[in-house]
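Worksheet for the structure shown next.
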């Protein structure tokens, strides 16, 4: 099936419509424009769009009011609001009501518009793919229901029917696992570091689950939340996330707000993979602190969902950028402040029988140093293996990587272990 790449643009200023068309169309998108909200609503009823862009201030209705209609007619489309006045109240209202995917401030930067449209398209593709998976699962459930009805009339074939049910259940589990693996591949394409970090968080959470301190629902919630914890980052540019990690002090308040709102977007996106409400709530609360100084909601103490308290410790360990020993020492020091004491104790208990994974960081070829150990294979732009994971770098290896990067730039930054 050919991917839908159609953009509806609404603005009462025809000059802006022309400018947006000339900016976005060369990126491979079909552009449809309207200069009145009611005309745009009619277009939504007649044609499907992957992205909807609207100005905020218009004579007939605001952009947010238009998006209320758009969400009802085409809920899967990514909605982008262009506004010259970006207030905190507008952000909170739009995010809480789920009306928009991204803000773009006037005057916009061409590269920002292009990046926003591509990210919005990626979100639409992910949502529609997950929707198809859910429809397949629903169809399979309906098949199971019909099979169960027949079992009641065919008692003599009970043994055979049970075998069929077991096989169908296995198919459902495989479909769910397939959804998670599809998401992980998307995440690794976006940022290989996030893929490796996700695997590490999942392993740490599984070690805690194995100690038997969770009921079945909380165990499922914690494990699936560990898999999907980074899904919200797919809604922002990769460079912004990298700068937030390494040079947060250089970011604007708006950029920081974009990153720290990703758990809210993740909560919405997670519902397309797992229907359990607790998964989205747990992902949203992964950066909350026991002392109430976290984000995005400033929850404290027992107001933080229980699975999120344990997820927070695993996430910090993997993302903090410290060595294993330093990370564990910090976690112990922050018990009762950043972290729930119960979660810290279980994390420590889980780390005793299972060796803690080494923490990672992302570097450019120019940042490589003698003695660093690669955490992931290094490939050339042509796909040739240059240096396998686990190698301790010497001067010759570093010069080799830098020379190839200068001639044929590597597609991704490099992953090394924190020393």
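Filter the range 5-63 down to the residues that are more than 20 Å from residue 116 (Cα to Cα) and part of a helix (DSSP H, G or I) and list them by number. Within the range 5-63, 14, 15, 37, 38, 39, 40, 41, 42, 43, 44, 45, 46 qualify.
One residue stands out in the range 276-292 among those that are in contact (Cβ under 8 Å) with a residue 40 or more places away in the chain and in a loop (DSSP other than H, G, I, E, B): the one that is farthest from residue 215 (Cα to Cα), namely 291.
Evaluate the range 245-255: report whether one residue or more is in the same structural domain as residue 221 (by TED's automatic domain parsing), in contact (Cβ under 8 Å) with a residue 40 or more places away in the chain, surrounded by fewer than 17 Cβ atoms within 10 Å (Cβ to Cβ) and within 30 Å of residue 84 (Cβ to Cβ). Yes; the residues of the range 245-255 include at least one that is in the same structural domain as residue 221 (by TED's automatic domain parsing), in contact (Cβ under 8 Å) with a residue 40 or more places away in the chain, surrounded by fewer than 17 Cβ atoms within 10 Å (Cβ to Cβ) and within 30 Å of residue 84 (Cβ to Cβ).
Residues that are more than 30 Å from residue 132 (Cα to Cα) and at pLDDT below 95 do occur in the range 45-55. If you filter the range 306-330 down to residues that are more than 15 Å from residue 204 (Cα to Cα) and not in a helix (DSSP H, G or I), you find that the one that is nearest to the chain's Cα centre (by Cα) is 321. Residue pairs whose Cβ atoms lie under 6 Å apart, separated by 6 or more positions or on different chains, with the first residue in the range 6-22 and under 12 Å from residue 55 (Cα atoms) and the second in a loop (DSSP other than H, G, I, E, B), are 8/49; 12/35; 12/58; 14/35; 17/11.
Taken over the range 2-19, residues that are crowded, with 16+ Cβ neighbours inside 10 Å and closer than 16 Å to residue 81 by Cβ amount to 7.
One residue stands out in the range 210-227 among those that are out of contact with any helix residue (DSSP H, G or I) (no Cβ under 7 Å at 6 or more places or on another chain) and closer than 20 Å to residue 345 by Cβ: the one that is surrounded by the most Cβ atoms within 10 Å (Cβ to Cβ), namely 210.
Somewhere in the range 284-297, is a residue in the same structural domain as residue 214 (by TED's automatic domain parsing) and closer than 20 Å to residue 216 by Cβ? No, because not a single residue in the range 284-297 is in the same structural domain as residue 214 (by TED's automatic domain parsing) and closer than 20 Å to residue 216 by Cβ.
The values are calculated or read from the model by the stated rules, or taken from the named source; none is laboratory data. It should be emphasised that the depicted structure is a prediction, and the values quoted were computed from it without experimental measurement. Glycine also receives a Cβ, built like all others from the backbone with ideal geometry; neighbour counts cover every protein chain displayed.
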